[in-house]
Amino acid sequence: MPYNKYKGVVNATQAKEIYAQAKLQNMAIPAINVVNTESINAVLAEAKRRDMPVILQFSHGGAKHFGGKSSDDSLDTAVTGAVAGARYIHYISKIYKVPVILHTDHANKKLLPWIDRLLIEGEKYFKHTSRPLFTSHMLDLSAETLQHNLELSAEYFAKFSKINMGIEIELGITGGEEDGIDNSSIDNSLLYTQPEDVFEAYRRLCKIGDNFTIAASFGNVHGVYKPGNVKLSPNILKNCQKYIKEQLGLSSDSAVDFVFHGGSGSEISSIKEAISYGVVKMNIDTDTQWAFWSGVNKFQKQNRDKLQSQIGNDDGADKPNKAYYDPRVWLDCGAVSLSQRVGQAYDDLKL
Ligand SMILES: [Zn+2]
């Protein structure tokens with residue numbers, strides 16, 4: 001792809017260019033939640049194999065996991081983990097030679113102190129390198145009133161823009177449960193965004209800059225549920241684009257860069273339909289979590305006798321098992337399986 005002139009973590013202007021290119025080619029870029037170097041490397045390996053851009057993102061919980069036991073303070077750990085993970089990705093992605101959009105996932109109002117601290121870290125990084133540490137942050141203020149959501153989002157976007165960082169905002173609510181936020185029992189009507197709300201967000205954010213994406217819910221749910229339980233209506237995105245085009249007299253049929261949350265377990269037809277209405281980023285977490293685990297699980301099932309003690313297996317009581325319980329071996333099985341799932345995402349995310 002032509003935008004692969006970028007190697008490594010891109011800034012918001014470059015990300016916008018990548019999204020524009022994706023739209024031209026009727027595709028979206030997979031956004032994978034990563035939690036450790038294994039998952040980062042596995043996603044980058046597939047992006048490199050396909051010579052494609054990729055989005056790597058840390059949730060607050062994922063960042064905390066990356067930070068390990070570095071502090072007793074949960075916020076400190078989530079900041080340390082996000083910064084350490086981001087710096088690792090900056091370094092390694094240049095070697096993998098693919099463009100990476102580096103992002104943080106859902107930050108609700110309670111998590112704004114995390115974003116505040118990451119912004120300070122981002123500003124320090126920018127001072128030394130003229131590049132942002134993260135390409136973009138997501139603010140999920142969908143539980144607030146629309147006015148409050150947009151006021152706060154605009155305020156943050158203005159600050160992000162100074163260091164060429166973008167913003168993703170959420171309108172409507174993504175159902176289901178992820179990262180400890182449980183929206184599984186909310187009123188169903190909140191899962192479907194109104195075109196007027198998207199227009200209002202678009203209008204206000206455009207005054208600050210171009211580098212924003214909107215996660216407008218159209219029945220999306222985090223997690224994977226029994227088929228038929230999730231009713232996606234990508235048509236909502238089409239109506240939003242049409243409304244904005246009419247209101248502002250634009251020539252484009254897809255002025256808004258939309259984000260598809262809860263991509264795991266979704267029907268291919270809904271994914272493709274959503275892409276045709278301007279989705280440029282699809283988040284995948286639950287399915288890649290499962291992919292990593294199923295790779296490890298398959299290995300342990302195939303080698304069960306060799307994974308019960310350090311010495312002794314079906315081939316003999318004195319046979320050593322080190323080559324099987326070495327974490328590099330079974331973590332690699334998880335990583336290969338994760339890479340394959342990312343490959344499937346690239347296949348699914350084009351029309
Ligand atoms: Zn989400």
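For (1) acidic (Asp, Glu); (2) farther than 28 Å from ILE244 by Cα; (3) within 14 Å of the ligand (Cβ to nearest atom); (4) buried (at least 17 other Cβ atoms within 10 Å of the Cβ), each residue gets a yes or a no:
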| residue | (1), (2), (3), (4) |
| --- | --- |
| GLU177 | yes, yes, yes, no |
| GLU196 | yes, no, no, no |
| ALA201 | no, no, no, yes |
| HIS222 | no, no, yes, yes |
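Considered as a group, the residues in the range 253-270 that are outside any loop (DSSP other than H, G, I, E, B) and either among the polar types (S, T, N, Q) or at pLDDT below 95 (or both) include one that is farthest from THR286 (Cα to Cα), and that residue is SER269. Yes or no: the range 256-266 includes at least one residue that is under 22 Å from the mean Cα position of the chain (by Cα) and over 20 Å from TYR346 (Cα atoms). Looking through the range 256-266, at least one residue is under 22 Å from the mean Cα position of the chain (by Cα) and over 20 Å from TYR346 (Cα atoms).
What are the residues in the range 279-337 that are within 30 Å of PHE218 (Cα to Cα) and either within 16 Å of the ligand (Cβ to nearest atom) or touching a strand residue (DSSP E or B) at 6+ places or on another chain (Cβ under 8 Å) (or both), if any?
Matches in the range 279-337: VAL279, VAL280, LYS281, MET282, ASN283, ILE284, ASP285, THR286, ASP287, THR288, GLN289.
Right, HIS90: within 25 Å of ASN183 (Cβ to Cβ) and in contact (Cβ under 8 Å) with a residue 24 or more places away in the chain or not? Judged against the criteria, HIS90 is not a match.
Residues in the range 117-171 that are under 14 Å from PHE212 (Cβ atoms), of a type in the set (Ser, Thr, Tyr) and surrounded by fewer than 23 Cβ atoms within 10 Å (Cβ to Cβ): TYR156, SER161.
Restricting attention to the range 57-108, and to residues there that are within 16 Å of the ligand (Cβ to nearest atom) and in a loop (DSSP other than H, G, I, E, B), which single residue is farthest from the chain's Cα centre (by Cα)? Explain how you work it out, then say what you get.
First pass over the range 57-108, keeping only residues within 16 Å of the ligand (Cβ to nearest atom): 57-63, 101, 103-108.
The next check asks that each one be in a loop (DSSP other than H, G, I, E, B); those that pass are 59, 105-108.
Working: SER59: 8, ASP105: 6, HIS106: 9, ALA107: 12, ASN108: 15 Å.
For the range 57-108, the residue satisfying everything is ASN108.
Among the residues of the range 321-351, those identified as surrounded by 13 or more Cβ atoms within 10 Å (Cβ to Cβ) and not in a helix (DSSP H, G or I) are ASN321, LEU349, LYS350. Out of LEU232, LEU237, LEU190, I need the residue that is assigned to a helix (DSSP H, G or I), buried (at least 18 other Cβ atoms within 10 Å of the Cβ) and without any contact (Cβ under 8 Å) to a residue 60 or more places away in the chain. Which one? Of the residues listed, the single one that is assigned to a helix (DSSP H, G or I), buried (at least 18 other Cβ atoms within 10 Å of the Cβ) and without any contact (Cβ under 8 Å) to a residue 60 or more places away in the chain is LEU237. Considering every residue within the range 112-131, establish whether at least one is within 16 Å of the ligand (Cβ to nearest atom), at pLDDT 95 or above and of a type outside the set (Phe, Trp, Tyr). The answer is yes, given that some residue of the range 112-131 is within 16 Å of the ligand (Cβ to nearest atom), at pLDDT 95 or above and of a type outside the set (Phe, Trp, Tyr). Checked against the criterion of being among the polar types (S, T, N, Q) and surrounded by 17 or more Cβ atoms within 10 Å (Cβ to Cβ), the candidates ASN33, ASN4, ASN26 yield just one match: ASN33. Within the range 29-58, the set of residues being under 23 Å from LYS272 (Cα atoms) and among the polar types (S, T, N, Q) comprises ASN33, GLN57.
Picking from LEU205, LEU250, which residue would you name as being closer than 22 Å to ALA12 by Cβ, part of a helix (DSSP H, G or I) and away from the ligand (no atom under 16 Å from the Cβ)?
On the way: LEU250 fails: part of a helix (DSSP H, G or I).
Just one listed residue meets the conditions, LEU205.
Total residues in the range 259-277 satisfying the condition of being more than 13 Å from the ligand (Cβ to nearest atom) and crowded, with 24+ Cβ neighbours inside 10 Å: the figure is 2. Residues of the range 154-175 that are within 16 Å of the ligand (Cβ to nearest atom) and hydroxyl-bearing (Ser, Thr, Tyr): THR174 alone.
The values are calculated or read from the model by the stated rules, or taken from the named source; none is laboratory data. Bear in mind that the values here come from a model prediction, so they are computed numbers and not experimental data. Because the Cβ atoms are built from the backbone with ideal geometry, glycine has one as well, and the counts that use them run over all protein chains shown.
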